[in-house]
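Data first, discussion second: the structure below is written as structure tokens.
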Amino acid sequence: MNPDILREQVEYYRQRASEYDEWFFRQGRYDRGEEHRQQWFFEVTEVETALRSAAPSGDILELACGTELWTQHLLPFATHLAAVDASPEAIALNQQRLGCASVEYIVADLFEWCSLQQFDFIFFGFWLSHVPMEKFVAFWQMVKQALKPDGRVFFVDSLLNQESTALNHAALHQQGYSQRKLNDGRTYRVVKIFHEPTKLEMSLQNLGWSGSIYRTANYFLYGLVYPAIAV
């Protein structure tokens with residue numbers, strides 16, 4: 001694993017913080033027309049409904065919290081909410097938009113950070129695909145250590161679909177690195193692994209997790225998992 005890639009990935013998301021939401025809202029370079037946008041948000045609603053059905057509650061931890069797109073869905077259910085991201089720029093936007101002084105924000109590299117407390121519910125959105133396979137096991141070990149014994153983990157990520165990315169991005173591949181552009185043309189390399197739901201579910205089972213992983217029609221996968229009970 002080339003550590004320069006991970007440093008570039010952090011720098012890319014720091015520089016992209018102010019334009020990140022264009023991807024989610026299908027604006028600018030991500031605008032593929034009204035029919036595409038309607039389908040995209042139909043599938044976003046499916047994931048949001050699944051997250052509410054997962055009943056987040058108590059002490060909640062959000063990893064790679066970004067600009068607030070998912071933090072806003074977690075806050076109403078949290079007794080305490082901690083939000084971690086490597087980008088102080090993204091956290092500043094999150095904090096400004098949410099406007100809640102009780103949220104605990106933590107600027108940290110998730111490949112080096114570990115929690116000093118345990119949580120009832122852990123969430124991460126569009127982060128797992130940026131975890132290199134060499135760090136996959138260590139990442140899930142960190143998650144398990146941060147989770148209470150009866151806690152649950154919900155995550156959402158991207159399926160392999162070229163329409164998810166910008167119009168001027170290169171063709172996507174299942175595993176490896178992608179080159180990403182900012183609006184001003186600067187390019188960065190990032191890790192991007194498009195997990196297949198069934199294979200990912202089996203991989204997590206092998207690491208001692210139970211639960212299920214689902215896919216929407218075109219763009220997203222999402223899962224609710226929890227530590228398996230030894231018998």
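Principal-axis analysis of the Cα atoms of the chain puts helix 197-206 at an angle of about 30° to the longest axis. Placing unit charges on each Cβ (+1 for Lys and Arg, -1 for Asp and Glu) gives the chain a dipole about its Cα centre, and among GLY58, GLY33, THR79 the Cα reaching farthest toward its positive end belongs to GLY33. Amide H contacts under 5 Å for LEU81: ILE60, GLU104, restricted to partners 5 or more places along the chain or on a different chain, H placed in the peptide plane at 1.01 Å from N.
Under 19 Å from a point placed 7 Å out from the Cα of GLU112 along the Cα-to-Cβ direction: which residues of the stretch 42-71 have their backbone N that close? From the stretch 42-71, the list is 63-66. Subtracting the Cα-Cα distance of GLU163 and THR79 from their residue separation scaled by 0.36 nm leaves 26.5 nm. The angle between the Cα long axis of helix 3-16 and the main principal axis of the chain comes to about 70°, on a 0 to 90 degree scale.
Taking the Cα centroid of the stretch 170-193 and of the stretch 97-161, what is the distance between the two, rounded to the nearest whole Å? Spelled out, the Cα-based centre of one part sits 22 Å from the other.
Under 19 Å from a label point set 7 Å out along the Cα-to-Cβ vector of ASP150, the amide N atoms of the stretch 195-231 belong to 210-211, 225-231. Along its three principal directions, the equivalent ellipsoid of the stretch 11-91 from the Cα gyration tensor extends over semi-axes of 24, 20, 7 Å, largest first. Sorting 55-68, 27-40, 5-18 by average packing, meaning the other beta carbons within 10 Å per residue, from highest down gives 55-68, 5-18, 27-40. Compute the FRET efficiency between ASP31 and SER57 as 1/(1 + (r/R0)^6), taking r as their Cβ-Cβ distance and R0 = 35 Å, and round to the nearest 0.05. For ASP31 and SER57, the calculated efficiency is 0.45.
Full-extension gain between SER210 and LEU172, please, as 0.36 nm times their residue separation minus the C-alpha to C-alpha distance. Full extension of this stretch gives 10.7 nm more. Sorting 123-133, 167-177, 189-199 by their mean Cβ neighbour count within 10 Å, with the most densely packed peptide first, gives 123-133, 189-199, 167-177. Protection proxy ranking for 71-80, 104-113, using the average of other Cβ atoms within 10 Å per residue and placing the highest first: 71-80, 104-113. Please report, to two decimal places, log10 I(q)/I(0) for the stretch 119-160 at q = 0.14, 0.15, 0.18, 0.28 Å⁻¹ as given by the Debye formula with identical point scatterers on the Cα atoms and no solvent. Values, matching the q order: -0.33, -0.38, -0.54, -1.04. Solvent exposure of the chain, expressed per residue, is 47 Å² of accessible area, with all protein chains present and a 1.4 angstrom probe. Placing R0 at 35 angstrom, the Cβ-Cβ distance between ASP184 and ALA217 gives a FRET efficiency of 0.55 after rounding to 0.05. In the chain, the longest principal axis of the Cα atoms and the axis of helix 136-145 are about 40 degrees apart. About its Cα centre, the chain has a charge dipole of approximately 320 debye under the convention of +1 per Lys or Arg Cβ and -1 per Asp or Glu Cβ, with nothing else charged. The HN-Hα couplings worked out from phi for the stretch 60-73 by the Karplus form 6.51 cos²θ - 1.76 cosθ + 1.60 (θ = phi - 60°) are 10, 10, 10, 9, 6, 5, x, 8, 3, 4, 10, 4, 4, 7 Hz, whole numbers, x standing for Gly and Pro. Think of it as helices only: each DSSP H run of n ≥ 4 in the chain is worth -39500 (n - 2.57), and spread over all residues that comes to -9500 deg cm²/dmol at 222 nm.
The values are calculated or read from the model by the stated rules, or taken from the named source; none is laboratory data. What you see is a predicted model, and the numbers here were worked out from it, not measured in a lab. FYI the Cβ positions are ideal-geometry reconstructions off the backbone, even for glycines, and counts take in every protein chain you see. Just so you know, the surface numbers come from the protein's heavy atoms only, side chains and all, with ligands and any DNA or RNA stripped out. Shrake-Rupley method; radii C 1.70, N 1.55, O 1.52, S 1.80 Å.
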